[in-house]
Amino acid sequence: MPSLPSLRSLTSSAALLTAALTLTAPAAQALSFRLTDLGPTAGFNPQFSAGRGLNEQGLAVGHIGGDGINAQAAWWLAPAVEGTGRTAVYQAPPAGGSNGLLQAVNESGQAVGAISGNGTGLRAVLRSSPGSTLLLPKASARSTGEQAFGINDAGVVVGQHQPDNYGFPLRWLPDGQGGYTVQALGGLGGGGIARDINTAGQIAGSSNLGVLLGATHAVRWQADGSVRDLGVLDAQRNHSEAYALNDAGTVVGRSVNAQGRYEAFRWADGVMTGLGALDGWQGHAHLGTVVNLSVARDINRAGWIVGEALRADGQAPGFLYLPGVGMRDLNSLVAAGDPFLARSDVYAPLPGLRIEDAYAVNDAGQIVASAVFNYVYPNGAVRQATHAVLLTPDVAPAVPEPQTWAMMVAGLLLVSGLARRSRV
């Protein structure tokens, strides 16, 4: 009769497996976030700000003011000491401009976006620090506007221009002399848009299947400019859009599913997978009229995905998708007793704080989203406000390295093998 495995060997194997699993997935039930209100600060209209980009150091960018009306670019600087608040820097457009928006920021603090109203239409810009503005070159004299949506740590920028009011994807490359050159990206036969770029130079975006066809597919460009069609969730509906990708090349976005609704997707290793929506969404009273089920806007190296998704009450709050766990409502993850909820200028009963669209997530698990709440003015008037907020987790996501996966697999095989031996 074979000897039974020792208690020590079983314990060691279990510990090995537990360590591997701990490194690759957060304790989802215990995960909670602290809220930081990003403004606007005193002296500005307190009713609106929007966060769009976030780097690994916690620097957030976006805009304040009206959404597209007299907006100013906003930088929310990470504090030197955690919990001491943030310094907000607002940047008006250059002389003659009326709007300034920032969409993304890299580790050097270079941010990209667009300005408008300066006599030249909508222009893509790079801002290396609050106060500096570089207009990125136009791709065509016929262009009626350009926008920049993504930038990587090498300073390569991606976005879109609109010659004759039809959008085409672009890439701007540093020229080594403080300026940029512009390149048109090929596609699937028609126009498109480039939205995000990773460290390796891979780009996520969308391309039309011919100029006169309505079908649009999510695509991923390689650094050499070659393009890959990522497909769709449903061939009959034939529509998908990519919004972001991580350094592993995993892409997220939205696609029209078989029921005719936009659904968030994750694409990896040639397979597009729908992410569904929040628990109970099927119970929405007016489900037959629902068009937008969910959309995924960003993904980090650990595979955490953020965006917005439908729930049973018809609201579409921000979500966090955790690998192996699924989709969670960000409102349910705010730490109990968070100081934001006790502020005298936040009037909770009507209807209380609601975290909506989540736009960015970094590798530390910090998330930039929008919070909607009733703001109380000094004179007692109450009006609905939307503020950019930063959510910081109490547990940082673990990024699985190759050796971690190997350890996990080895642990599984070892425990399984020992268990089989013990039954002989």
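The values are calculated or read from the model by the stated rules, or taken from the named source; none is laboratory data. What you are looking at is a predicted structure, and each value in this text was computed from that prediction instead of being measured. Every residue, glycine as well, gets a Cβ built from its backbone with ideal geometry; the counts of neighbours run over all protein chains shown. These accessible areas exclude ligands, DNA and RNA; they are computed on the full protein's heavy atoms, side chains included. Shrake-Rupley method; radii C 1.70, N 1.55, O 1.52, S 1.80 Å.
What are the residues in the range 163-184 that are open to solvent by 60 Å² or more (accessible area, probe 1.4 Å) and among the β-branched types (Val, Ile, Thr), if any?
Scanning the range 163-184 gives a single hit, Thr181.
Evaluate the range 341-356: report whether one residue or more is touching a Pro at 6+ places or on another chain (Cβ under 7 Å) and open to solvent by less than 40 Å² (accessible area, probe 1.4 Å).
The answer is yes, given that some residue of the range 341-356 is touching a Pro at 6+ places or on another chain (Cβ under 7 Å) and open to solvent by less than 40 Å² (accessible area, probe 1.4 Å).
Residues of the range 110-143 being open to solvent by 50 Å² or more (accessible area, probe 1.4 Å), under 16 Å from Val182 (Cα atoms) and at pLDDT below 85, which ones?
Within the range 110-143, Ala141, Arg142 meet the criteria.
Which residues, taken from the range 202-233, are in a strand (DSSP E or B), modelled with pLDDT of 95 or more and not hydroxyl-bearing (Ser, Thr, Tyr)?
Those that are in a strand (DSSP E or B), modelled with pLDDT of 95 or more and not hydroxyl-bearing (Ser, Thr, Tyr): Ile203, Ala204, Gly205, His217, Ala218, Val219, Arg220, Trp221, Val227, Arg228, Asp229.
Looking at (1) open to solvent by 20 Å² or more (accessible area, probe 1.4 Å); (2) part of a loop (DSSP other than H, G, I, E, B), which is the one condition that is false for Tyr321?
(2)
Cβ-Cβ below 6 Å, separation at least six or inter-chain, first residue in the range 174-199 and without any contact (Cβ under 8 Å) to a residue 40 or more places away in the chain, second open to solvent by less than 50 Å² (accessible area, probe 1.4 Å) and of a type in the set (A, V, I, L, M, F, W, C): which pairs?
Sorted first by the residue in the range 174-199, then by its partner, the pairs are Gly189/Leu209.
Return the only residue of Asn246, Asn208 being of a type outside the set (Val, Ile, Thr) and closer than 19 Å to Val156 by Cβ.
After applying the criteria, what remains is Asn246.
So, restricting to strands (runs of 3 or more DSSP E) that lie completely within the range 234-284, which ones have at least 2 residues that are surrounded by fewer than 19 Cβ atoms within 10 Å (Cβ to Cβ) and not basic (Lys, Arg)?
Ranges flagged: 271-274.
Looking at Ala268, Ala285, Ala258, Ala277, which one is at pLDDT 95 or above and either aliphatic (A, V, I, L, M) or more than 21 Å from Ala358 (Cβ to Cβ) (or both)?
Ala268 is the lone residue from the list that is at pLDDT 95 or above and either aliphatic (A, V, I, L, M) or more than 21 Å from Ala358 (Cβ to Cβ) (or both).
Would you check if there is a residue in the range 352-375 being part of a loop (DSSP other than H, G, I, E, B), modelled with pLDDT under 70, closer than 26 Å to Ala30 by Cα and not aromatic (Phe, Trp, Tyr)?
yes
Out of the residues in the range 99-109 meeting the condition of being over 18 Å from the mean Cα position of the chain (by Cα) and surrounded by 21 or more Cβ atoms within 10 Å (Cβ to Cβ), tell me which one is nearest to Val157 (Cα to Cα).
Gly100
Say we look at the range 357-370 and pick out the residues that are in contact with a helix residue (DSSP H, G or I) (Cβ under 8 Å, 6 or more places away or on another chain) and under 14 Å from Thr386 (Cα atoms); which of these is surrounded by the fewest Cβ atoms within 10 Å (Cβ to Cβ)?
Ala358
Might you let me know whether the range 190-201 holds any residue that is part of a loop (DSSP other than H, G, I, E, B), hydroxyl-bearing (Ser, Thr, Tyr) and out of contact with any strand residue (DSSP E or B) (no Cβ under 9 Å at 6 or more places or on another chain)?
Yes, the range 190-201 has at least one match.
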